[in-house]
1. Measuring from a point 7 Å past the Cα of residue 61 along Cα-to-C-beta, which residues in the stretch 82-116 have an amide N at less than 18 Å?
2. Under Stokes-Einstein, with the Kirkwood radius over Cα pairs standing in for Rh, what whole-number D in µm²/s applies to the stretch 146-215 at 37 °C and 0.692 mPa s?
3. Let me understand the stretch 11-114 better: what is its radius of gyration from the alpha carbons, and its Dmax, in angstrom?
4. Note down the relative contact order for the stretch 51-100 as a percent, whole number, built from C-alpha pairs under 8 angstrom at least six residues apart.
5. For Cα pairs less than 8 Å apart in space and 6+ apart in sequence, what is the mean separation divided by the residue count of the chain, i.e. the relative contact order in percent?
6. What's the center-to-center distance, using Cα atoms, between the stretch 8-35 and the stretch 187-215 in Å?
7. How big is the chain by the Kirkwood estimate over distinct Cα pairs, in Å?
8. Mind computing the radius of gyration and Dmax over the alpha-carbon atoms of the stretch 105-242? Å is fine for both.
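The values are calculated or read from the model by the stated rules, or taken from the named source; none is laboratory data. Computed from a predicted structure; not experimentally measured. All Cβ positions, even for glycine, are placed from backbone atoms using ideal geometry, and neighbour counts span all protein chains on display. Remember, those area values only see protein heavy atoms, side chains included, never the ligands or the DNA or RNA. Shrake-Rupley method; radii C 1.70, N 1.55, O 1.52, S 1.80 Å.
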Amino acid sequence: MKTVYHKADSRGHADHGWLNSFHTFSFAGYQNRERSNFGVLRVLNDDTVSQGMGFGTHPHKNMEIISIPLEGNLEHKDSMGTTAVIRKGEIQVMSAGTGVMHSEYNQNKDEAVKFLQIWVFPREENVEPRYDQKSIKDGEKINGFQQILSPNKNDDGVWIHQDAWFNLANFTKGNGKNYTINKKGNGVYAFVLKGSAKVGDRILSEKDGLGIWDTQSFNIEAVEDTEILLMEVPMDLPAYLK
């Protein structure tokens, strides 16, 4: 088993007033050659957007973009004609493919919105752009893994153009479970949303991250009530990036 540990306070940070963002991997003004990506996981931003503020219309291409609200409501508009609001307990995916324009705003006038912005390299270039969002709150599992993303259209959660599986792990203190890799050559990036847990041989606290690869499985045990996002992704970059 190989691992890479990213302590919460080691992340890149940008405070734009209306946007407070922590970057696990290189992004915008934060550039770190040792933290460019974890396999095909390219961006993991922990964003807080002030009341009524947001990201104006901007382009994306050849990227799978996933948004997971943690607090508040996030309004989305794009060049495919989509207008939607994403709330805590939901997940959104946008396949940028050949190119798409979109904007994201905090719909609330009285509270900030907090969400994870995640980018994953697709397995192939120039797919047709698409948008989807689903509720995940009804499938919550205590002391187990809840799949919220996969490569398969008929699986639980949303799907993307990549051999990736995302799970939420919710464990009460003292409980745990073994996670088994879905596909050979994949690794898992574990990101603690709240609480603390022992992941593999490492104790992780809130907003710590741990990448794990070259193993078939690893164990998670909650030190306290804990919620963790597990992002399983291929460790090899697709051919078009080599």
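1. Under 18 Å, as judged by backbone N against the label point of residue 61, lie 95-103 of the stretch 82-116.
2. Values: Rh = 13.3 Å.
The diffusion coefficient I find is 247 µm²/s.
3. Spelled out, the Cα radius of gyration and Dmax of the stretch 11-114 are 13.8, 39 Å.
4. Working: 74 pairs, mean separation 23.0, N = 50.
Over the stretch 51-100, the number comes to 46 percent.
5. Working: 683 pairs, mean separation 46.7, N = 242.
Normalised by residue count, the contact order of the chain is 19 percent.
6. Cα centroid to Cα centroid, the span is 19 Å.
7. Values: mean 1/r = 0.0553 Å⁻¹.
18.1 Å is the Kirkwood radius here.
8. Computed over the Cα atoms of the stretch 105-242, radius of gyration and Dmax are 15.9, 46 Å.
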